[in-house]
Amino acid sequence: MSMLEVHQFPCLSDNYGYLIHDADSGLTASIDTPEAEAINAALAEKGWQLTHILNTHHHRDHTGGNEALKSRWGCTIAGSKGDRDRIPGIDVEFAEGDIFPFGSHEAQIFEVSGHTIGHIAYYFATDRALFCGDTLFVMGCGRLFEGTPTQMWGSLSKLMSLPDDTRVYCAHEYTQANARFALSVEPQNDSLQARAAEVDQLRAQDKPTVPSTIGQEKATNPFLRPASAALQSNLGMTGGELVEVFAETRRRKDNF
Ligand code: ZN
Ligand code: FE
């Protein structure tokens, strides 16, 4: 069985495009479609034919290329059942617990509402690869446009339960700004300080900070750390309910 190949490339101002490819079957999927031209260029560069689009949620910077790519490639578009009326060209509808077979690989579907309702994530367990859209970012999480803090905390808790070496392929390069906020709410965190310095170096060389891993996120991402005594104390919420600490952290980020 061949490895799942992941090809990552920048799109729009701060999105990442991802092509995943199974060499045995020749299948190629685009995770979201921020920009058809950039995705076509990446396909040409790799010599791959697009067979699937796997959408994480309905926002335009994730679905904007669906129709152009479908008309060029005749590919199958999959997305959340909850987004059936909001994802252009959707053919296959997923819900929590569904399995998407992809050659010799398979993705588990997680419902991760919060940023939007019906947002889904794709987890390739044997490859330890998670495509989480705008739910979890490096040292951040998506803004709560449609869901509640309780929903988002439930979604992030699911992702936190994945193995520490799971690679987190999120949809945006927001890391440097996220790190500045993270340091403002948990300056005592040594792992966070080290990671923030590393991120500054990568960005100074114009290199991506994505993917990270679940282990790194649990150590540095304030939205996964409501149980941290230092974070709770800095927010004046010592002993607070985890979901309340998460909600307050998110509120502060919205106003940072
Ligand atoms: Zn979004
Ligand atoms: Fe987005």
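Any read-out appearing in this document is the output of simple, stated calculations on the displayed coordinates, not a laboratory observation. Computed from a prediction, not measured in an experiment: that's the story for all the values here. Virtual Cβ from ideal backbone geometry, glycine too; neighbours counted across all protein chains shown.
If R₀ is 35 angstrom, what is the calculated FRET efficiency for the pair Gln188 and Asp165, using the beta carbon separation as r and rounding to 0.05? Before the final figure, lay out each step's value.
Values: r = 26 Å, r/R0 = 0.74.
That gives a FRET efficiency of 0.85.
So which of Lys46/Lys253; Lys81/Lys207; Lys158/Lys253; Lys46/Lys70 end up more than 30 Å apart by C-alpha? Each step should come with its number before you reach the end.
Values: Lys46/Lys253 38 Å; Lys81/Lys207 35 Å; Lys158/Lys253 22 Å; Lys46/Lys70 19 Å.
Among Lys46/Lys253; Lys81/Lys207; Lys158/Lys253; Lys46/Lys70, the Cα-Cα distance tops 30 Å for Lys46/Lys253; Lys81/Lys207.
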Check your understanding: Just how large is the dipole of region 189-249 about the Cα centre, in debye to the nearest 20, putting +1 at every Lys and Arg Cβ and -1 at every Asp and Glu Cβ?
Key -> 160
Review point. Taking K and R as +1 and D and E as -1, what net charge do the other residues with C-beta under 14 Å from the C-beta of Lys46 add up to?
Key: -3
Review point. In debye to the nearest 20, how big a dipole does region 1-159 give about its Cα centre with +1 on each Lys and Arg Cβ and -1 on each Asp and Glu Cβ?
Key: 140
Study note, to complete from the structure: Expressed as a whole-number percentage, the relative contact order of the chain with C-alpha contacts under 8 angstrom and at least six residues apart is 13
Revision key, fill the gap. Projecting the Cα atoms of Cys132, Thr175, Ser161 onto the charge dipole of region 118-193, where Lys and Arg contribute +1 and Asp and Glu -1 at Cβ, the residue farthest towards the positive end is Cys132
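For region 108-182, calculate the relative contact order in percent as a whole number, restricting contacts to Cα pairs under 8 Å that are 6 or more residues apart.
Values: 131 pairs, mean separation 26.5, N = 75.
Relative contact order, region 108-182: 35 percent.
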Review point. Amide H of Gly65: which non-local residues (sequence gap of 5 or more, or other chain) have their own amide H closer than 5 Å, using H built in the peptide plane?
Key: Thr33, Glu35, Ala36
Practice item. Could you calculate the contour length gain from Asp91 to Thr76, that is, 0.36 nm times the residue separation minus the distance between their Cα atoms, to one decimal place in nm? Key: 4.8 nm
Practice item. Considering the options Ser25, Asn15, Leu50, tell which one lies farthest towards the positive end of the dipole of region 1-126, charges being +1 on Lys and Arg and -1 on Asp and Glu at the Cβ, about the Cα centre. Key: Leu50
